[in-house]
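Notes follow once the structure below has been shown.
We did not get these values from a lab; they are worked out from the coordinates using the rules stated. This structure is a prediction, so every number in the text was calculated from the model and none was measured. Every residue, glycine as well, gets a Cβ built from its backbone with ideal geometry; the counts of neighbours run over all protein chains shown.
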């Protein structure tokens, strides 16, 4: 779903890609703040990080409505209808979501750039992150 979202944002020229190396300590947060968290920004090069990161992905409601195919006027009705009449889902055995399954040596601080936004933050933190996890023991 994230790949699809990024593709849609690119098609509509709504995604800003930053290829300059940035630091996840203060710098990424400063850039997002500059855009008032309304501009989806894909950070392609992050200092001391093996992966890319995206910020401001859902800060602009108009972009969200466009991605979901709803308007500001009909959004509440469409969301309520989706809750009452959910679409069927299908469990799959393969696909992009299953490319990187990590079951041991999990250390989020080494695996991803977790931001520190300003000098008053006691540590780094994930603001609105989504992780899909399954406990290896309990399921």
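Semi-axes of the chain's equivalent ellipsoid from the Cα gyration tensor, sqrt of 5 times each eigenvalue, largest first, rounded to whole Å?
27, 23, 15
Would you compute, from DSSP H runs of 4+ residues alone, the mean residue ellipticity of the chain at 222 nm, taking -39500 (n - 2.57) per run and dividing by the full residue count, rounded to the nearest 500?
So the calculated ellipticity at 222 nm is -7500 deg cm²/dmol.
Counting pairs of alpha carbon atoms under 8 Å apart in space and at least six apart in sequence, what relative contact order in percent does the chain give?
24
With the chain treated as a Gaussian network of Cα nodes joined by springs under 10 Å, which of 41, 92, 126 yields the largest mean-square fluctuation?
92
For a quick check, take a GNM of the chain with Cα springs below 10 Å and name the residue from 119, 29, 59 with the largest mean-square fluctuation.
Maximum fluctuation in the GNM of the chain, among the listed residues, is at 119.
What distance in nm separates the simple spin-label points at residue 85 and residue 35, each placed 7 Å from Cα in the Cβ direction?
A separation of 3.6 nm, rounded to one decimal place.
Where both partners of a DSSP beta bridge lie in the chain, what percent of those bridges are antiparallel, to the nearest 5?
Of the beta bridges lying entirely in the chain, close to 40 percent run antiparallel.
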